[in-house]
Structure formats: C-alpha cells, structure tokens
1. Going through ALA126, ALA95, ALA122 one at a time, which residue ends up being over 21 Å from GLU333 (Cβ atoms), open to solvent by 30 Å² or more (accessible area, probe 1.4 Å), modelled with pLDDT of 90 or more and part of a loop (DSSP other than H, G, I, E, B)?
2. In this structure, is SER74 touching a Leu at 6+ places or on another chain (Cβ under 7 Å) and at pLDDT 65 or above?
3. Inspect all residues belonging to the range 275-294 and state whether any of them is under 32 Å from the mean Cα position of the chain (by Cα) and at pLDDT below 75.
4. Checking the structure you have, find out if any residue of the range 129-152 is within 30 Å of ASP332 (Cβ to Cβ), within 18 Å of the chain's Cα centre (by Cα) and modelled with pLDDT of 95 or more.
5. From the set of residues in the range 141-160 that are surrounded by 15 or more Cβ atoms within 10 Å (Cβ to Cβ) and among the charged types (D, E, K, R), which is farthest from ASN202 (Cα to Cα)?
6. Can you give me the number of residues within the range 49-86 that are over 13 Å from ARG98 (Cα atoms), open to solvent by 30 Å² or more (accessible area, probe 1.4 Å) and not in a loop (DSSP other than H, G, I, E, B)?
Amino acid sequence: MSDENALKRVFEKIDALSSDVERLDRENKQLKNEIAATSKAGALNKFDTPSKEDVLELNVGGGVFHALRGTLTSIPSLLATKFNGDWDYKLPRDAHGRFYLDEDPEFFSSLLKYLREYNRMALPVAGGQSPVIPSFKDPTMTQGFIRFLESLHLTEHMYPMKLYKYDYTNLDQPNELGFLAGNWCDTQIVSQDNRYVYVFKNNNAVKRRIHSFEVECLEDNEDIQIGWIECDIDKYHPQADFEGSIIVLDVRRSHISIDERFGTVHNEIGVSFPKTGNLFIRTANYGAQWFVNETLIADTSEVCELLAEEGEWMSPWILPKGNFRIVKLEYDEIE
C-alpha cells in the first residue's frame, strides 16, 4: 500500500469520527433541552432531593398553576403523596414538562387557595380558626368539588366532623368543641364529671357516617360509657323523645349492655379490662365488634344486623367521667 492511499484512509476515518462527534453533540443538546423542560415542573429525576421550596408547574385540565411543593403537601392526602418528591419522575406530564392532572381547573384553583390560607395560619385546633371553605352558587358544583376532594382524600380536612358536648344542666346550648379531623384527633378532652355527653355531627355540606371509632381513656378514667345510639346524630338532642336502640360499653360495670327498640329487651355481655395503664377502646362496624388494647372482647354482630334491617343510623356517643381523647374515626363513603 502506497503512502498516498494510507494517508487517504486516515483522513476518511477522521471525517467519520467528526460526523459521529457532530451527531453526539446534537443528541446531547436535545437531551439537555428535554431535561430543561422537565426541570420547570419539579425535580429532574428520582435521585434529586425534593424541597418544600420547590416551585412546581402544573397543568390541571388545561389551566396552568404554579405552587410550592410545601403548599401541595401541607395536609396528609393523596395529593401530598403525589407531590412529595418521591414520584416526580413517574407522574404524567404535558408537552412542556408540566405535571398533568386530569381535573377541573376551577376546583383545583379553589383547593390551592385553601391550602395557601392553611399554610399561613396555625393548624386548626379545638375552637381555633380554620381557612375559609370554598363555596359555589350552583349546588351541583359544590357536590362536584366534594367528589374532587374525596378523590384526593381531603374531604375530612375541609368538611370535617364536629364534636359537640352536651351539658345535662344546660341542654339548650351544646358546646361545639371543634373539628374532628387530622391532628385534632390527638387533642385531650378533659371531662371531670359525667354530666356531659359527647356526640359527633356532620358538616352541613357533607353527609357521612362514622362506622368505627377509637377512644383512649386517660389516667384514672374508670367511669366511661362508649357506644352507639339508633338515630340520625345530626338530629340528636339528649332531651328529645327517643325510642331507638342503644349499645353501650360500660367500663366501670365491665359489661356491654344492649337496649333494643322501645327498651323491651335488655342484654348484658360481661367483659374484662386490664388493671393498669391507659385503655384503648375501639368499636367497629356500628358496634358489631369491640376491642380493648387491640384485643377483641365482644362481638355483637347479630344484634347489629337486626338493627340495620330497621334502616336507622347507629351513631356514636361518649359519656365519660375523666380525661379521654379521640384516637381515630373511620367513615363510610359520602352520600
């Protein structure tokens, strides 16, 4: 092979390498552009460290929104889980790299305003302030907004149950203790004597039923009655005529009593309780099961099934003498 041919082949290889370099350069620029577009909406990839100060760009049903990650994650919910940073690289995005939610932009705008107000205020506690709930003139819009919140597991926080305390010495003026949602459930309730009865009532905009709840009896609270009454709790008043059934766990007497309709039958189921420490009492499925410190102590399913056939609600109430706190509420679907 002549020196001229060898040199020609060297130059051909150089030209081929140059072409490869140009192609790789173009691909690199394209990749950088794609990353830049993605970065506008949040974390670059699953290895990035998310921050509450991240500004996220969202496309919600065609409406573009900007919000801090901390705002979207301020209340424990499905929304908070989606945008906590762990799933940024998997969430759907539009052509501009924005996170995409296939929801009504008007509903999302109302929710975002609420979350921003929530962040500016102290967390709601018993008797404390809470952000203004979005309102709509059209009732169908209100129901649509509630369904939107339910899909994000936010209904309980925006339309929570309320806890009322009735004083038997002044029944006409029940004391609204506050909202029973989120961290409020950890609030200790002081009740020095058993002239008070505590009941849960719905927020007017949302009709839902509690099917299970758990109470912690604190300190020396050995005289507490926890149970279910057969009525629509939103119409309940201790002084009103009452002809329904009652299922009650009486800690001091160590039994569950069942007063059926019109009080014609009275049954008692003996139970035992730990001698020391706080009691965690949970009653599930409208009084069908009873647990103490996570141990099943009684099953009254047969009675509850008979009551369910009558079509009335079984609603929870508490009659304590001593301190207690609500540990957990569990709900049926919104009607």
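The values are calculated or read from the model by the stated rules, or taken from the named source; none is laboratory data. Treat the numbers as computed from the prediction; the structure is a model and nothing was measured. Neighbour counts run over all protein chains shown; Cβ positions are idealised from the backbone, glycine included. Ligands, DNA and RNA are excluded from the accessible area calculation, which covers all protein heavy atoms including side chains. Shrake-Rupley method; radii C 1.70, N 1.55, O 1.52, S 1.80 Å.
1. After applying the criteria, what remains is ALA95.
2. Against the criterion (touching a Leu at 6+ places or on another chain (Cβ under 7 Å) and at pLDDT 65 or above), SER74 qualifies.
3. Yes: one or more hits.
4. No, because not a single residue in the range 129-152 is within 30 Å of ASP332 (Cβ to Cβ), within 18 Å of the chain's Cα centre (by Cα) and modelled with pLDDT of 95 or more.
5. GLU150
6. Qualifying residue count for the region: 4.
For (1) surrounded by fewer than 19 Cβ atoms within 10 Å (Cβ to Cβ); (2) modelled with pLDDT of 75 or more; (3) within 29 Å of the chain's Cα centre (by Cα), each residue gets a yes or a no:
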residue	(1), (2), (3)
ILE226	no, yes, yes
ALA240	yes, no, no
ILE256	no, yes, no
THR264	yes, no, no
GLU268	yes, no, no
VAL271	yes, no, no
ILE318	no, yes, yes
LYS328	yes, yes, yes
